[in-house]
Structures are given as C-alpha cells and as structure tokens.
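Visitor: My questions all concern the structure below.
The values are calculated or read from the model by the stated rules, or taken from the named source; none is laboratory data. Computed from a prediction, not measured in an experiment: that's the story for all the values here. Cβ: placed from backbone, ideal geometry, glycine included. Neighbour counts: every protein chain shown. These area figures cover heavy atoms from the full protein model, side chains too; ligands, DNA and RNA do not enter into them. Shrake-Rupley method; radii C 1.70, N 1.55, O 1.52, S 1.80 Å.
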Amino acid sequence: MNCDKIVLLAKKPGFTSFTSLNSVKKAFNTTKVGHTGTLDSFAQGLLVVCCGKLTKLAGNITEFDKSYKAIIKFGQETDTLECTGNVIKSGKLPTVEALENALEKFRGQIMQTPPAFSAIHIDGKRASDLAREGKTAQIKARPVTIFDAKIIETKLNSENFVEYAQIDFSVSKGTYIRSLARDIAYECGSFGHLIGLYRTKVGNFRIEDAAGFSDLEDFSIENAIKNINEASSELNKKIEFTKDFLEEIQNKSVGFTKEVSVLCGFNNIDLKNDDVKKDFMNGKPLRSYMFNIDLHSLLNKTSSAVFAPDGSFMGLIEKDENGKIKYKFVIN
C-alpha cells in the first residue's frame, strides 16, 4: 500500500500527539509519520499528519492560522496553565461583563508571553525542561494575532460569577491558548487555566473531515469537567484501534496533489518535460528554463510545490527574502 499520504486525524483527549500517531502507523504499516503541529495531552482535535515520503512536508506546512474552542476554569492558575498542573494561584471569579470587556482587549495583534511549560528553546534547552528542574526561564513576549475571540457558553456559580467559560478563538501561528487563558483571566481581575481545548481548524483543513471525528464527544463545559480525571488517567494506556477506524484513516487519506498543495498554502509550478525532471531530481541549479514560469516572478519568502508533467509531486523550492531560489527538498 502506498503510504505517501496526508491524513487528517481527530486526536482524542488523554493521549499525547505522538501516541495518537500510532493509528496512522498501523493503518499504513509504516514508521515514517509526522504531524505539522502538536496538541497537548489533555487537548483534542485536528492533527494534520504526513506519511511516508511526505514526512518531509511536515516542517514546511506549519505557517497556518488555527481555530480552537477553549474551556477556561476561573479562580485558579496552575503552573502548566492547564488541568494537569499544580495550582499556584487562587483568586476571585469574574463577572460576565468583566469577561466580555477583557475579550475586547484580546482581538488583533498582541504581545504574548508563552507558558513556562512549553517547547520553546532557551539556551539550547526546552523551557518545559527548565521548569521541571525548578528553574525560572526568561521567555520573551512575542507578537501574535487574535483574529476573533467570542464566548460560546458560561457556567456561573450561585452568585452569578463565571466559574467556567467556553471561548472560540481564531489565531495566528505560534499563539498559545494556555497563555490566552492566563492573560484573559488577569484582565478580568482573576486567575485561570484551561480544562479543555479543541482544535477545529488548521489553515484550510477542518476537523469535520478528519478520521475519527465522529468518535469525539460533544465539546462542552460539562463534558470537560467530567473528563479531567479520566483524561489524565489514560495517558499511559495503550490505544486500541478498531478495523473500521484503520480503514477510515486509509479511505480519508489523500496524496499530495495540486489541489492539496493549494490547501497547504503553496504555489504550484510545473516542470517542462521529463529531461528537466532528471535535472531537478539530481539537484542541478534551479533555472527558469526548467519550469513553466519565470522563477523571478515568484514572490520573496514563498515556497512552491513542484510537479512533474504527469502530475506527480517532486519537491519544494523556495525564494528566500534575498530573492535567491533554492531547493527545500526533493522527493526521490
């Protein structure tokens, strides 16, 4: 079976992204599998998975905007900013009005400080590793864009203060929803952390098209509260895959066609003939005579997917910020 595919996979809460990929490995009987952006173990939702030779794409299609549904518990902050961490701060709950006013300040471009427990590297070490060692990492704030943030549902206590809120976010690459939960809570005069996170969109890819989507529970405040203990207790369990699920993964997988390339945000360009195809595969200097367009017409800082005359995907090239055109990789 050809395993050079892209798979949209619906990750369940309570398992790591790495463990969740075992279903794709089993479906295609391959170990060459990689995803284009991880999800925390407590989170659920869309993973865009590259298999076989297409694993080379994984590091090149991460520039996507993303959409999430997030459930914030107010009144407590944890060291990890999510439900598996230890409570380090406690405070009062916000009003609905305070939450609505806070969200107004979290639309558009903002400066965001990533969580201490994150994969960001500081002096060669992950910030999360430093945090586990009890060291304080100085993580710089960086610009991110919040395209939209709106309240979906709230759960109030007997005095009408917000205990939990589900918020729909549309954000740029590199945005940490855990940090948004922390900072929105601060703006409300409270503390907060995530108890649920659901990634619904990655670029043009949607969770509704993912294998396993129908098996996901309804994402709600009540279900998130119910699943906290269950999710954390499942982290070390083995995932069992049914035959139907493995077949669904196979049936919903796609090859890297020109249509899929556009969904990934690439330009498409064609090699002129089979002779230049050999030149391309052998890594000869990239020249306009090899393609159906003048390479100088490409925009700087853009990647282009290269296709052979028969429509097969050959690799990626890039025009860097200085206008130099170079190979990113070739599919052999």
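Visitor: Test of understanding: extend the Cα→C-beta vector of Leu156 to 7 Å, then name every residue of region 59-77 with backbone N under 19 Å from that spot.
Guide: In region 59-77, the label zone of Leu156 (backbone N under 19 Å from the point 7 Å along Cα→Cβ) covers 72-75.
Visitor: Restricting to DSSP H runs of at least four residues, report the calculated mean residue ellipticity at 222 nm for the chain, -39500 (n - 2.57) per run over all residues, nearest 500 deg cm²/dmol. It would help to have the intermediate numbers written out before the result.
Guide: On the way: 9 runs with 74 residues, N = 332.
-6000 deg cm²/dmol, from helical runs alone.
Visitor: Quantify, in whole percent, the carbon and sulfur part of the accessible surface of region 223-332 (1.4 Å probe; protein heavy atoms only). Working shown, then result.
Guide: Working: 3080 of 6440 Å².
Taking all protein chains in place, region 223-332 shows 48 percent carbon and sulfur surface.
Visitor: A further question follows. Any chance you could run the full-extension gain for Glu321 through Asn2? It's 0.36 nm times the residue separation minus the Cα-Cα distance, nm to one decimal.
Guide: Gain on extension, Glu321 to Asn2, equals 111.2 nm.
Visitor: Sticking with this structure for a sec: Report the label-to-label distance for Asn22 and Glu97 in nanometres (one decimal), using points 7 Å from each Cα along the Cα→Cβ vector.
Guide: For Asn22 paired with Glu97, the spin-label model returns 5.2 nm.
Visitor: Moving on. For a Förster distance of 25 Å, can you work out the FRET efficiency between the beta-carbons of Ser312 and Asn204, rounded to the nearest 0.05?
Guide: Numbers: r = 22 Å, r/R0 = 0.89.
About 0.65, to the nearest 0.05.
Visitor: Need one word for the chain: rounded, prolate or oblate. Basis is the Cα gyration tensor (sqrt eigenvalues a ≥ b ≥ c); a/c below 1.5 gives rounded, then a/b vs b/c decides.
Guide: Prolate.
Visitor: Which parts of region 52-84 would a label at Arg142 reach, counting a residue when its backbone N lies under 17 Å from a point 7 Å out along Cα-to-Cβ?
Guide: Within reach of a label on Arg142: 59-66.
Visitor: Can you list the lysines whose alpha carbon sits under 22 Å from that of Lys252, skipping same-chain ones fewer than 8 residues off?
Guide: In chain and number order, the partners are Lys5, Lys11, Lys12, Lys25, Lys26, Lys32, Lys53, Lys56, Lys66, Lys201, Lys243.
Visitor: Taking 0.36 nm per residue of sequence separation and subtracting the Cα-Cα distance, how much length would be gained by fully extending the chain between Met111 and Ser288, in nm to one decimal?
Guide: Taking Met111 through Ser288 to full extension adds about 59.6 nm, to one decimal.
Visitor: At R0 = 25 Å, how high is the FRET efficiency between Lys243 and Asp218 if r is their beta carbon distance? Nearest 0.05 is fine.
Guide: That gives a FRET efficiency of 0.45.
Visitor: I would also like to ask the following. Going by amide H atoms built from the backbone, whose H comes under 5 Å of the H on Cys83, apart from near neighbours?
Guide: HN-HN under 5 Å from Cys83: Leu194.
Visitor: In whole Å, what is the distance between the alpha-carbon centres of region 88-103 and region 273-294?
Guide: Using only Cα atoms, the two centres lie 59 Å from each other.
Visitor: Using 0.36 nm times the number of residues separating Ser172 and Lys328, minus their current alpha carbon distance, what extension gain do you get?
Guide: Result for the pair: 53.8 nm of gain on full extension.
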